[in-house]
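Participant: Have a look at this one before I ask anything.
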Amino acid sequence: MKRPRIKRRTGLGPDAERLVWLASGLAESGSRAEDRFWEIHLTELIDQLLDDGDEDTINTALDQLYSSSLTAYDELADFVESRAENAGRKLADQDVLLVAAPLLSWSRYRIPALAISDAVLANLRVHLQAHVLADDVKLSVANYLFSPDQLPVGYCNTARFAEEIGRAAQADQDLNIDAGSMAETTQFLSDTRYLLFAIAVPRGTPMFRWQESGGDREHALTQWRSQGGASLVPLLPGCAVEVVLPDAYFAASRRADRESRAYAVRASVAFLGTTLEAPASQLRAIIAPFHDTQLEEFRIGLTVKDSDQVVHGIVWPLLGAEDDGADVLAQIEATLRECGVTDILSLDHRFPMEYCDDCGAPLYPSPEGEAVHAELPDASADPVPRHLH
């Protein structure tokens, strides 16, 4: 989940000014004792803004810090996220946390976002408590598999959802989602689905298995992937699925965003292998940087060797503080080679962030150095999505 980088021209109000001052103080603090001063006042102000639904003040302060101090920006963003996902922020004796369990998926067909049956929900609870969560954790699982379009929008809505499912977790009851009220899901070849749940424990006790003696994240992921994730795979028929470790809502979402980029490359190579009967060794990749006011993403055009027609495209967005294009380019090239694509052309001139005027799809680099529409050959033109969410 990429943190907001939208620039606004409005001036800072008093609450936004105070957020900037507090976050800057925390960023420059030289001791844990001083940290506590800044953290106490940040907690009070951020909780007030979340309760009031004042998203604009939070985003205005983030925008100001993004342009003036990335260290303070990260401090404020971390703090806002931690308060929004903290479903027990008003409780004195319990820790209650909103958690996400992402699933990366790709398919030539529609990737479902749907309600989860009681039987599957009960099975998921067993595996979460056995492999991911610490002993004696109370739990509430939302009975819906969310697409990115259906997640809470913004910090304030996230805080409201966290409080709702957090109350259910304190009662150790699952949360019923009205499937009919969910937003429509845009379809892509490769996308992410989210299982959302909340956990409640006495203040200061372990929440996750890896917080207990002898536990570790890798073992938890292995067990969740082989058993818990297996419970979710039948919900996504006709889809290839890769499970991401459940974690606090924003951390898990960002991990899914990072891992989804390489996953989209693997999915695209596999898709072309089945659709065009073209193995990876017969594909060519053209990589180019795309800029708005700054470098925003790389786009990858894929062609069959000895042809200049771009048959498929992939967007590789920059996330967080990834401003070094050379490092990202090396990562993309390494991912392509791991998939078996060895014919790689990297273009170094700046492309604008262009999209198709008719369908809104991104335009991708061609071997001739132009931004073009990705089109499958007519004989293979099944109606499939063209790019990553």
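The values are calculated or read from the model by the stated rules, or taken from the named source; none is laboratory data. Because the structure is a prediction, the values reported are computed rather than measured. No Cβ is skipped: glycine too gets one built from the backbone with ideal geometry, and neighbour counts run over all protein chains shown. Ligands, DNA and RNA are stripped out before the accessible areas are found, and what is left, the full protein with its side chains, is counted by its heavy atoms. Shrake-Rupley method; radii C 1.70, N 1.55, O 1.52, S 1.80 Å.
Participant: What is the one condition in (1) of a type in the set (A, V, I, L, M, F, W, C); (2) over 30 Å from D174 (Cβ atoms); (3) in contact with a helix residue (DSSP H, G or I) (Cβ under 9 Å, 6 or more places away or on another chain); (4) not in a loop (DSSP other than H, G, I, E, B) that F290 does not satisfy?
Facilitator: (3)
Participant: If you don't mind, there's one more thing I want to ask. Which one is farthest from A169 (Cα to Cα) among residues in the stretch 75-92 that are without any contact (Cβ under 8 Å) to a residue 60 or more places away in the chain and of a type in the set (D, E)?
Facilitator: Here the answer is E75.
Participant: Let me spell it out: the conditions are (1) within 28 Å of T192 (Cα to Cα); (2) buried (at least 19 other Cβ atoms within 10 Å of the Cβ); (3) at pLDDT 95 or above, and Y66 meets all of them except one. Which number is the exception?
Facilitator: Only one criterion is unmet by Y66, namely (3).
Participant: Okay, moving on. Quick check, is S82 modelled with pLDDT of 95 or more, outside any loop (DSSP other than H, G, I, E, B), open to solvent by 10 Å² or more (accessible area, probe 1.4 Å) and of a type in the set (G, A, S)?
Facilitator: Criteria met by S82.
Participant: Being acidic (D, E), in a loop (DSSP other than H, G, I, E, B) and either within 13 Å of P102 (Cα to Cα) or open to solvent by 20 Å² or more (accessible area, probe 1.4 Å) (or both): is that true of D172 here?
Facilitator: Yes; evaluated as a whole, the condition is true for this residue.
Participant: A further question on this structure: For the stretch 330-343, does any single residue satisfy the condition of being more than 23 Å from E259 (Cβ to Cβ), in contact with a Lys or Arg (Cβ under 7 Å, 6 or more places away or on another chain) and either open to solvent by 40 Å² or more (accessible area, probe 1.4 Å) or in contact (Cβ under 8 Å) with a residue 60 or more places away in the chain (or both)?
Facilitator: So far as the stretch 330-343 goes, yes, one or more of its residues are more than 23 Å from E259 (Cβ to Cβ), in contact with a Lys or Arg (Cβ under 7 Å, 6 or more places away or on another chain) and either open to solvent by 40 Å² or more (accessible area, probe 1.4 Å) or in contact (Cβ under 8 Å) with a residue 60 or more places away in the chain (or both).
Participant: Could I ask something else about it? Select from the stretch 179-208 the residues that are farther than 20 Å from A87 by Cβ and either in contact with a Pro (Cβ under 7 Å, 6 or more places away or on another chain) or not hydroxyl-bearing (S, T, Y) (or both) and list them in ascending order. It would help to see each step written out before you state the result.
Facilitator: Of the stretch 179-208, the ones farther than 20 Å from A87 by Cβ are 179-193.
Residues satisfying the conditions are A179, G180, M182, A183, E184, Q187, F188, L189, D191, T192, R193.
Participant: Moving to a separate point now. Being assigned to a helix (DSSP H, G or I) and in contact with a Pro (Cβ under 9 Å, 6 or more places away or on another chain) is the filter here, so list the residues in the stretch 96-142 that pass it.
Facilitator: In the first step, residues of the stretch 96-142 are kept if they are assigned to a helix (DSSP H, G or I); the result is 118-132.
Passing the criteria: V120, L128, V132.
Participant: Condition check: in contact (Cβ under 8 Å) with a residue 40 or more places away in the chain, within 24 Å of R89 (Cβ to Cβ), open to solvent by 60 Å² or more (accessible area, probe 1.4 Å) and not acidic (D, E). Does P246 satisfy that?
Facilitator: In short, no.
Yes/no per residue for (1) under 30 Å from V265 (Cα atoms); (2) touching a Phe, Trp or Tyr at 6+ places or on another chain (Cβ under 8 Å); (3) in contact (Cβ under 8 Å) with a residue 60 or more places away in the chain; (4) not in a strand (DSSP E or B):
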| position | (1), (2), (3), (4) |
| --- | --- |
| G166 | no, no, yes, yes |
| A220 | yes, yes, yes, yes |
| Q223 | yes, no, yes, yes |
| G228 | yes, no, yes, yes |
| S231 | yes, no, yes, yes |
| G238 | yes, yes, yes, yes |
| F250 | yes, no, yes, yes |
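Condition check ((1) of a type in the set (S, T, N, Q); (2) open to solvent by less than 50 Å² (accessible area, probe 1.4 Å)) across all residues:
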residue	(1), (2)
E184	no, no
Q187	yes, yes
R193	no, yes
P202	no, no
E212	no, yes
L221	no, yes
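Participant: With respect to L121, is the statement that it is of a type outside the set (D, E), touching a residue at least 60 places away in the same chain (Cβ under 8 Å) and either on the phi > 0 side of the Ramachandran plot or open to solvent by less than 60 Å² (accessible area, probe 1.4 Å) (or both) true?
Facilitator: Details: of a type outside the set (D, E): yes; touching a residue at least 60 places away in the same chain (Cβ under 8 Å): no; either on the phi > 0 side of the Ramachandran plot or open to solvent by less than 60 Å² (accessible area, probe 1.4 Å) (or both): yes.
For L121, the condition - of a type outside the set (D, E), touching a residue at least 60 places away in the same chain (Cβ under 8 Å) and either on the phi > 0 side of the Ramachandran plot or open to solvent by less than 60 Å² (accessible area, probe 1.4 Å) (or both) - is not met.
Participant: On to the next question. Are any residues in the stretch 100-118 open to solvent by 10 Å² or more (accessible area, probe 1.4 Å) and of a type outside the set (F, W, Y), and if so, which ones?
Facilitator: Matches in the stretch 100-118: R108, R110, P112, A113, L114, A115, S117, D118.
Participant: Would you mind finding the one in V126, V153 that is open to solvent by 40 Å² or more (accessible area, probe 1.4 Å), within 21 Å of the chain's Cα centre (by Cα) and not hydroxyl-bearing (S, T, Y)?
Facilitator: Exactly one of V126, V153 is open to solvent by 40 Å² or more (accessible area, probe 1.4 Å), within 21 Å of the chain's Cα centre (by Cα) and not hydroxyl-bearing (S, T, Y), namely V153.
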